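A short worksheet on the structure shown next.
Each value in this text was obtained by applying a stated rule to the coordinates, not by laboratory testing. Since we're looking at a predicted model, the values are computed, not measured. Glycine gets a Cβ as well: all are built from the backbone with ideal geometry, and neighbour counts include every protein chain shown.
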Amino acid sequence: MADYSEAASPSNNLRMAYKTDIVIIGAGQAGLSSAYHLQKSGLKAGSNFLLLDKSPNAGGAWQYRWPSLTLSTVNRIHDLPGMSFSDVLEPEISEVKASVAVPQYYAAYEKKFQLPVYRPVNVSVVCERNDRFRIETDRETFTARGIINATGTWETPVIPHYTGAELFKGQQLHTRDYQTAEVFSGKHIIIVGGGISALQLLDEISQVTTTTWVTRTEPQFRETPFTEEDGRAAVAIVEDRVRRGLVPGSVVSVTGIPLTPALRAARERGALNRLPMFSEITETGIRWADGTEKRADVILWCTGFRSSLDHLAPLQIREANGGIVMGGRLATQVMKDPRIHLVGYGPSASTIGANRAGAAAAKELSAYLNLS
């Protein structure tokens, strides 16, 4: 593995460009899976590929999750290829914080396979230069023949604009800002969104204070367990969308929301009494089109994230509608430029999907570049 620690700093006018064949941007589940499969194919760490990670420590977005999200309450954590979660942490530690356990697992994984992860480094822009990609960061500059982008979504939260938002005198937060329900005690909280994270936070917060839950569409709860067949069907729908260059849709809109024991209890105490979306925000709360108002101290936007791809903007891979036409076996390859693969995007935006996508991207990109 190459040593980048002595490279030019931002204060140094000399900006060396480190050359490698493939740069993986992001070291979460998708990035680590891609690196593992590149290495298993015979490519050499550092000279053939390396990973650039924005976070100061291993763990991807998991290290930033709210403290109450434990291994028992998280939707699901899938093993990385070649090393199971139980190899690092005992399965009975279900109440350990996900923000602690998963980073420990990822750190052990990086160490075991000696993956060339360089952190913390923030990729600011990727552009084409002399048939190679120039990757500019807040530290060094790199050049590569191919890119596997695995930046996920955590860095780009979505908060829709509503009339009057700037007038609201209370607090507005997003899912990524959430830490604990106790800080909301004695306040009235408007929770916006119909995804799994929204329901988890609604459940927690409604146990310590009053809440109002609003969504754009009527949530679809499912009484039956979520099966592998359901998962494949959901992935197929999202994959079809990205292959046609459409913006990936919400998986929950396809699968429905599992009605867990915790959500059943929340329904019993009235926390799941959903209201339609409001039309505007006032100084003191929200207002619907019929004039009905609701006072609020906090508006918590559980309105999801979008793919963190702004650094790829100079490559012009998006269509006019904002989507990206994807190809390859698992829809990881950007059709406008086959040297670019997106993992953790569209159908691979899940832990199990990221594993499979990492394997496909590694195989297809190394073959396209004649590296294997």
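A few notes on this one:
- Loop exposure criterion: GluC sites (Glu not before Pro), DSSP state outside H, G, I, E and B, at most 16 other Cβ atoms within 10 Å. Applied to the chain, the longest stretch between such sites is 96-222.
- Overall dimensions of region 52-207 as given by Cα atoms, namely Rg and Dmax in Å: 19.3, 60
- Helix 351-368 vs. the chain, principal-axis angle (Cα, 0 to 90°, nearest 10): 30 degrees
- Projecting the Cα atoms of Tyr345, Ile196, Trp154 onto the charge dipole of the chain (Cβ charges, centred on the Cα centre) puts Tyr345 farthest toward the positive pole.
- Listed by Cβ neighbour count within 10 Å, with the fewest neighbours leading, His78, His311 appear as His78, His311.
- Amide N proximity, region 106-132 versus Thr156 label position 7 Å along Cα-to-Cβ, cut-off under 14 Å: 123-126
- Efficiency of FRET between Glu166 and Ser41 - r from beta-carbon atoms, R0 35 angstrom, step 0.05: 0.10
- Simple spin-label estimate for Ile237 and Ser372 in nanometres, 7 Å along Cα-Cβ: 3.3 nm
- 5 angstrom amide H check on Tyr18, placed H, neighbours 5+ away: Thr141, Phe142, Thr143
- Residue-by-residue Karplus 3J(HN,Hα) for region 119-134, coefficients 6.51, -1.76, 1.60, Hz, glycine and proline x: 8, x, 9, 9, 6, 8, 7, 10, 9, 8, 8, 6, 6, 10, 9, 9
- In region 269-372, the C-alpha radius of gyration followed by the widest Cα-Cα span (Dmax) gives 21.1, 65 angstrom.
- From the alpha carbon centroid of region 297-334 to that of region 114-158 is 16 Å.
- In summary, the lysines within cross-link reach of Lys336, defined as a Cα separation below 21 angstrom excluding same-chain residues under 8 places away, comprise Lys363.
- Over the Cα atoms of the chain, the radius of gyration divided by the Kirkwood radius equals 0.99; this is the Rg/Rh ratio.
- Given 12 as the ceiling on other Cβ atoms within 10 Å, longest exposed-site-free region of the chain for trypsin sites (Lys or Arg not before Pro) in DSSP loops: 270-372
- A Förster radius of 51 Å, combined with the Cβ-Cβ distance separating Lys294 from Asp138, puts the computed FRET efficiency at roughly 0.75.
- Residues of type lysines that Lys112 reaches as a straight line, Cα spacing below 19 Å, ignoring anything fewer than 8 places off in the same chain: Lys40, Lys44
- For the chain, averaging the sequence separation of C-alpha pairs within contact (under 8 Å, six or more residues apart) and dividing by the residue count gives a relative contact order of 22 percent.
- Proximal aspartates and glutamates to Lys54, defined as alpha-carbon separation beneath 17 angstrom and excluding residues fewer than eight positions away on the same chain: Glu110, Glu136, Asp138, Glu140, Glu155, Asp310
- Sorted by Cβ neighbour density within 10 Å, fewest at the top, the residues Leu371, Leu167: Leu167, Leu371
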